[in-house]
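The block underneath contains the structure these notes are about, expressed in structure tokens.
The values are calculated or read from the model by the stated rules, or taken from the named source; none is laboratory data. Keep in mind it's a predicted model, so treat the numbers as computed, not measured. When we count neighbours, we look across all protein chains shown, and the Cβ atoms used for this are built from the backbone with ideal geometry, even at glycine.
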Amino acid sequence: MPRRPSTPVIAGDDAPDALKPLAERMRPRTLGEMVGQRRLLAPGSALRRAVESGRIHSMVLWGPPGCGKTTLALLLARYADAEFRAISAVLSGLPDVRQVLAEAAERFAEGRRTVLFVDEVHRFNKAQQDAFLPAIERGTIVFVGATTENPSFELNSALLSRCRVHVMEAVSPDDIADALRRALADAERGLGAQEIAVDDALLGQIAQAADGDVRRALTLLEIAAELATGEGGRMTEATLAQVLADRTRRFDKGGEQFYDQISALHKSVRSTNPDAALYWLARMLDGGADPHYLARRITRMAVEDIGLADPRALAMAIDAWETYDRLGSPEGELALAQVVIYLASTAKSNAGYVAWGEARRDVREYGTQEVPLHLRNAPTRLMKSIGYGRNYRYDHDEEGGVALDQTAFPDAMGERVYYRPVPRGLEIKLGEKLDQLRRARARARGEAPDPSSPKPG
């Protein structure tokens, strides 16, 4: 039988309900009232069984804003009949942590557990995170950390080794709409006493605008309901338009979501999918990404993924960057959009990128090699007398414009091949020319042509 949840003592929970926002009043009191998280809290799932039995463990809840991390922590305490304490890494320092842990130790000595909820735990530094370790090991606290950032990057390994990471997902619009209907019907905690009339289509708009955040959806509903109360109790399209006019999508300018989206933009360009690339560019600009950062990354795409298959791409990227500098937003964003479309549509080659990496690797491997004497500069008589520049052959005076048997690499290295043009775009022609030249050089040096020498097409 599932354990019946009790009500823990919660700091600040004694405020009158009338003063609390709708999202706080409607916070779920049982697992059955939670919306979303169907995978994590499905009937029979490991976490649900643990919560319902009261056998809870220290954990890190990783998910986007408004997905229910705080609510789940509260329910852990309620089902386990434990004290609930919450601190925020944004507002608290090490002295606050030590005080909360000392209180938890006293409570533990009296036979009562404490669920310590640490919001934005990724904002604590290593020393602050380490402060929780002894209390977790002794069982003084059940640690519940909440983060919107990837724990692998933001939390130290010692803390992660003592906690289980549970991934929470953004709540779907359908589930958010269910939460809104519940709030409209609940006369005790919600808006039921106001008898607000709302069409399902309008609830759907609120759910969509909330962008996976239940708390945000309830806040929007509360504002819309206040406006509707002064208009006869019926929520209209015009009323809702006022509420949703300045909404923004979820976007973290410095977190994992930011880098996931720039990765999606880059890979869409590389995959020759201009439509997807345009979508991700629009998402990032809509979310408030710095257009200058995007211009720099777009220029990198032109160098790394288009390269010499279409040399115009780099010039276009630089031009678009300069155009944005001159026009600003929003007009300059069109220049960025156009170059993204072009980069995604044109021929691709990473041959230059790969060649540069191989050349740098040889520099590290071979160390400081001497420049061959025939390639050295000889501006003085002394330098000429000791062999600088001797036997150098001026390519423009050679037949075909190339001294075929003249090497340009350090003697210890021999000839190397880094640049291997791909059979796309301008590199088809470059590949044909370089393939002929490399074979001719091999013959001039009395070597057999390398059968692995790249052949375009």
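For the stretch 87-132, a residue qualifies if it is small (Gly, Ala, Ser) and closer than 19 Å to Glu149 by Cβ, and the qualifying residues are Ser88, Ala89, Ser92, Ala127.
Conditions first: (1) buried (at least 20 other Cβ atoms within 10 Å of the Cβ); (2) modelled with pLDDT under 90. Ala183 passes all but one, so which condition is the exception? Single failed check for Ala183: (2). Looking at this structure, is Leu31 at pLDDT below 90, of a type outside the set (Gly, Ala, Ser) and in the same structural domain as Gln129 (by TED's automatic domain parsing)? For Leu31, the condition - at pLDDT below 90, of a type outside the set (Gly, Ala, Ser) and in the same structural domain as Gln129 (by TED's automatic domain parsing) - is not met. Scanning the stretch 70-97 for residues that are at pLDDT below 90 and surrounded by 22 or more Cβ atoms within 10 Å (Cβ to Cβ) yields nothing. Taking the stretch 289-353 as the region of interest, the helices (runs of 4 or more DSSP H) fully inside it that hold 2 or more residues being touching a residue at least 40 places away in the same chain (Cβ under 8 Å) and crowded, with 22+ Cβ neighbours inside 10 Å are 291-301, 331-345. Residue pairs whose Cβ atoms lie under 9 Å apart, separated by 6 or more positions or on different chains, with the first residue in the stretch 401-415 and closer than 15 Å to Arg439 by Cα and the second basic (Lys, Arg) and in a loop (DSSP other than H, G, I, E, B), are Ala403/Arg393; Leu404/Arg445; Asp405/Arg393; Asp405/Arg445; Gln406/Arg393; Thr407/Arg445; Glu415/Arg445.
I'd like the full set of residues that are under 30 Å from Thr148 (Cβ atoms), of a type outside the set (Asp, Glu) and either in the same structural domain as Thr71 (by TED's automatic domain parsing) or assigned to a loop (DSSP other than H, G, I, E, B) (or both), limited to the stretch 199-236. Answer for the stretch 199-236, where residues must be under 30 Å from Thr148 (Cβ atoms), of a type outside the set (Asp, Glu) and either in the same structural domain as Thr71 (by TED's automatic domain parsing) or assigned to a loop (DSSP other than H, G, I, E, B) (or both): Ala210, Gly212.
Of the residues making up the stretch 438-456, not a single one is among the hydrophobic types (A, V, I, L, M, F, W, C), modelled with pLDDT of 85 or more and under 30 Å from Asp305 (Cβ atoms).
Taken over the stretch 41-73, the residue count meeting the criterion of being part of a loop (DSSP other than H, G, I, E, B) and either under 22 Å from the mean Cα position of the chain (by Cα) or without any contact (Cβ under 8 Å) to a residue 40 or more places away in the chain (or both) is 12. So, of the residues in the stretch 101-133 that are of a type in the set (Asp, Glu) and under 23 Å from Tyr79 (Cα atoms), which turns out to be surrounded by the fewest Cβ atoms within 10 Å (Cβ to Cβ)? Per the criteria, the residue is Glu110. Selection of first residues in the stretch 358-386 that are touching a residue at least 60 places away in the same chain (Cβ under 8 Å) and of second residues that are part of a loop (DSSP other than H, G, I, E, B), restricted to Cβ pairs under 9 Å at least 6 apart or on distinct chains, gives the following pairs, ordered by first then second residue: Glu358/Arg416; Glu358/Val417; Glu358/Tyr418; Glu358/Tyr419. All told, Arg424 falls short of being part of a helix (DSSP H, G or I), among the basic types (Lys, Arg) and either touching a Ser or Thr at 6+ places or on another chain (Cβ under 9 Å) or surrounded by fewer than 12 Cβ atoms within 10 Å (Cβ to Cβ) (or both). Mind telling me which of the residues Leu61, Leu75, Leu94, Leu116 ends up being over 20 Å from Glu154 (Cα atoms) and not basic (Lys, Arg)? Unique residue meeting the criteria: Leu75.
Tell me yes or no: at least one residue of the stretch 265-288 is polar (S, T, N, Q), surrounded by 18 or more Cβ atoms within 10 Å (Cβ to Cβ) and farther than 20 Å from Glu322 by Cβ. Yes, the stretch 265-288 has at least one match.
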